[in-house]
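First up is the structure itself, then whatever we jot down about it.
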Amino acid sequence: MRILLAEDHRILLDSLALLLSSIEGIEVVSKHTNGKQVLTSLEIESNIDLVVSDLQMPVMGGIELTLQLRERFPHVRICLLTVADQPEAIKEAVRAGADGYVLKSAERSELEMALTMIEKGHKFYSQQVLMQLANETGLELAPVVDKPQKIAITQRELDVLKLIAQEYSGTQIAEKLFISPTTVETHRKHLMQKLGVQTTIGLVKYALKYQLV
């Protein structure tokens with residue numbers, strides 16, 4: 001996967017480039033400090049799959065960049081990586097057509113999962129982002145009174161599901177349940193398979209729907 005990065009803080013930009021370059025299958029093609037530079041680069045570079053961009057940048061920020069990509073380079077996906085967790089900012093990004101919205105507080109595993117899901121054509125939003133959206137009046141993510149489907153979920157998987165829905169990270173869940181982070185990820189994968197969902201967002205939706213949190 002060929003990626004362009006956009007982040008106006010140089011130290012963060014270089015650190016993010018190193019992090020992403022260490023993930024198998026990812027090539028960081030170039031780094032930029034605003035959205036306008038990204039668009040200029042896309043005029044030259046070919047076969048770019050994804051742009052990972054900060055939300056707030058000088059000259060051109062992430063929202064305007066997203067709108068420009070949808071119009072001029074619709075084949076290029078974009079994941080916004082930001083500290084902004086306010087519902088209005090999130091909804092603005094969704095309306096603009098962002099493929100992903102990940103908070104900078106996320107662990108490497110979550111970012112890696114986000115990029116993988118986006119590459120496959122799915123949307124991805126951080127657990128905290130989903131919870132913010134779920135708390136907004138009128139959104140379909142609000143829980144409804146119903147009985148859970150009869151799916152063979154173990155008690156340990158249910159424990160993990162509840163903690164995922166409460167925004168605990170993989171490491172925090174491992175510490176809380178006295179298991180390894182690898183075991184947490186195994187439970188997460190099994191839950192996705194059993195519930196027929198593609199992302200952690202789907203797990204949280206299920207937990208909210210059946211009032212498990």
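The values are calculated or read from the model by the stated rules, or taken from the named source; none is laboratory data. Everything numeric in this text was worked out from a predicted model, so none of it was measured. As a convention, Cβ positions derive from the backbone with ideal geometry for all residues, glycine included, and neighbour counts pool all protein chains shown. Heads up: the accessible areas ignore ligands, DNA and RNA and are worked out on the full protein's heavy atoms, side chains in. Shrake-Rupley method; radii C 1.70, N 1.55, O 1.52, S 1.80 Å.
Data overview
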quantity: Qualifying residue in the stretch 47-57 (condition: among the hydrophobic types (A, V, I, L, M, F, W, C) and part of a helix (DSSP H, G or I)); calculated: no
quantity: Residues that are without any contact (Cβ under 8 Å) to a residue 40 or more places away in the chain and hydrophobic (A, V, I, L, M, F, W, C), drawn from the stretch 21-42; calculated: Val28, Val29, Val38, Leu39, Leu42
quantity: Selected residue (only one of His9, His32 is of a type outside the set (Lys, Arg), surrounded by fewer than 16 Cβ atoms within 10 Å (Cβ to Cβ) and either modelled with pLDDT of 95 or more or over 19 Å from the mean Cα position of the chain (by Cα) (or both)); calculated: His9
quantity: Residue match in the stretch 98-118 (condition: in contact with a Lys or Arg (Cβ under 8 Å, 6 or more places away or on another chain) and either polar (S, T, N, Q) or surrounded by fewer than 19 Cβ atoms within 10 Å (Cβ to Cβ) (or both)); calculated: no
quantity: Cross-chain or 6+ apart pairs with Cβ under 7 Å, the stretch 175-204 first and surrounded by 19 or more Cβ atoms within 10 Å (Cβ to Cβ), then assigned to a loop (DSSP other than H, G, I, E, B) and among the polar types (S, T, N, Q); calculated: none
quantity: Residues of the stretch 15-29 satisfying the condition of being open to solvent by less than 60 Å² (accessible area, probe 1.4 Å) and in a loop (DSSP other than H, G, I, E, B); calculated: Ile23, Gly25, Ile26
quantity: Residue in the stretch 82-91 that is of a type outside the set (Gly, Ala, Ser), part of a helix (DSSP H, G or I) and open to solvent by 70 Å² or more (accessible area, probe 1.4 Å) present; calculated: yes
quantity: Members of the stretch 164-174 that are modelled with pLDDT of 80 or more and open to solvent by 50 Å² or more (accessible area, probe 1.4 Å); calculated: Tyr168, Thr171, Gln172
quantity: All positions within the stretch 69-80 that are farther than 12 Å from Asp99 by Cβ and touching a residue at least 12 places away in the same chain (Cβ under 8 Å); calculated: Arg72, Phe73
quantity: Residue match in the stretch 165-178 (condition: among the charged types (D, E, K, R) and part of a loop (DSSP other than H, G, I, E, B)); calculated: yes
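This table checks each residue for (1) more than 18 Å from the chain's Cα centre (by Cα); (2) modelled with pLDDT of 85 or more; (3) over 20 Å from Leu111 (Cβ atoms).
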{"position": "Glu136", "(1), (2), (3)": "yes, no, yes"}
{"position": "Ile153", "(1), (2), (3)": "yes, no, yes"}
{"position": "Arg156", "(1), (2), (3)": "yes, yes, yes"}
{"position": "Pro181", "(1), (2), (3)": "yes, yes, no"}
{"position": "Lys189", "(1), (2), (3)": "no, yes, no"}
{"position": "Met192", "(1), (2), (3)": "no, yes, no"}
{"position": "Leu195", "(1), (2), (3)": "yes, no, yes"}
{"position": "Thr200", "(1), (2), (3)": "no, no, no"}
